[in-house]
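The values are calculated or read from the model by the stated rules, or taken from the named source; none is laboratory data. Being a predicted model, the structure only gives us computed values, none of them experimental. Cβ placement follows ideal geometry from the backbone for every residue including glycine, while neighbour counts extend to all protein chains displayed. With ligands, DNA and RNA removed, areas are computed over all heavy atoms of the protein, side chains included. Shrake-Rupley method; radii C 1.70, N 1.55, O 1.52, S 1.80 Å.
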Amino acid sequence: QPVVDARSGEIVGFEALLRWNSSDHGFVSPGKFIPLAEDTRLIVPIGEWVLQQACLEAMKWPQPTRVAVNVSGEQLLDPSFAASLVGALAASGLSAQRLEIEVTESIFVRDASQAQATLEQVMALGCGVALDDFGTGYSSLGYLRRLRFSTIKIDRSFVHGAATGSRESLAIIRAVVAMADSLEMTTTAEGVETSRELEVVRALGCGKIQGYYFGRPVPAKEAMAMFRQQEARLGGSAA
């Protein structure tokens, strides 16, 4: 799914999303197979494959377009995670600066020290780390103090609330944007689906936007088509 610059609307990255079309069961919702993969720890080899494929796809995109990959707590607790990350970058040739690892604060529940140590390794390699679904958990501010995330992703519930005039949602987004700016982090507003939501998050200062308004999740080959369409549009504007 594309992530765009809030001002220009240009694609600055994609989030890699895992989908399963089973020959036996048809389309299987990620809400069903991801928890099962985590319970059985199959998420570790699956996650390694996703990293490899995401890096290979990103190499086809114009620089400096980034790719973001979701990583679970099970993966971060696996001793070989950092090595698998290095392997995916080396095999693809992708610059570490073009890869962003997305985590939720739930990764800190089981073993906060190990999760933090692994993420520090990721950052030392030059990769970004995004905190997803910010504001929906319990202790997000504490995590921001411990780690220098590259991006804070504002949960879509706040985006929808702000667009419908919720004072609480408006205040929360303003506070998150101000805090991110002071910590030299970027913000991504998730779940932007309407022109009203776009208008509001732009006015509140969000740096990046993700949601159906700019694009639904698509197969990798259609992501390339988006770049061609953008190039043609920008070329037309320049003319």
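Condition check ((1) assigned to a loop (DSSP other than H, G, I, E, B); (2) among the aliphatic types (A, V, I, L, M); (3) more than 19 Å from Thr151 (Cα to Cα)) across all residues:
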position	(1), (2), (3)
Glu168	no, no, yes
Asp181	no, no, no
Gly215	yes, no, yes
Val218	yes, yes, yes
Lys221	no, no, yes
Arg228	no, no, yes
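If you filter segment 13-30 down to residues that are hydrophobic (A, V, I, L, M, F, W, C) and open to solvent by 50 Å² or more (accessible area, probe 1.4 Å), you find that the one that is nearest to Ala96 (Cα to Cα) is Leu17. When Ile172 is tested against (1) modelled with pLDDT of 95 or more; (2) part of a helix (DSSP H, G or I); (3) in contact with a strand residue (DSSP E or B) (Cβ under 9 Å, 6 or more places away or on another chain); (4) aliphatic (A, V, I, L, M), only condition (1) is not met. Scanning segment 1-53 for residues that are of a type in the set (Gly, Ala, Ser) and within 21 Å of Gly205 (Cα to Cα) turns up Ala6, Ser8, Gly9, Gly13. Identify all residues within segment 183-213 that are assigned to a loop (DSSP other than H, G, I, E, B), of a type in the set (D, E, K, R) and at negative phi; write none if there are none. Matches in segment 183-213: Glu190, Glu193. Considering segment 46-160, the qualifying helices (runs of 4 or more DSSP H), each wholly inside and each with 1 or more residues that are open to solvent by 50 Å² or more (accessible area, probe 1.4 Å), at pLDDT 90 or above and under 24 Å from Asp181 (Cβ atoms), run over 107-125. Out of the residues in segment 181-196 meeting the condition of being farther than 18 Å from Glu15 by Cβ and open to solvent by less than 70 Å² (accessible area, probe 1.4 Å), tell me which one is modelled with the highest pLDDT. Looking at the filtered set, the residue picked out is Thr194.
Given the condition farther than 18 Å from Glu102 by Cα and without any contact (Cβ under 8 Å) to a residue 12 or more places away in the chain, answer yes or no: does some residue in segment 207-220 qualify?
Yes - at least one qualifying residue is present in segment 207-220.
All of Ala124, Ala90 fail the test of being free of Cβ contacts under 8 Å to residues at least 12 places away in the same chain, farther than 16 Å from Arg148 by Cα and not hydroxyl-bearing (Ser, Thr, Tyr), apart from Ala90. Taken as a whole, the structure leaves Pro30 outside the set of residues that are touching a helix residue (DSSP H, G or I) at 6+ places or on another chain (Cβ under 9 Å) and touching a residue at least 12 places away in the same chain (Cβ under 8 Å).
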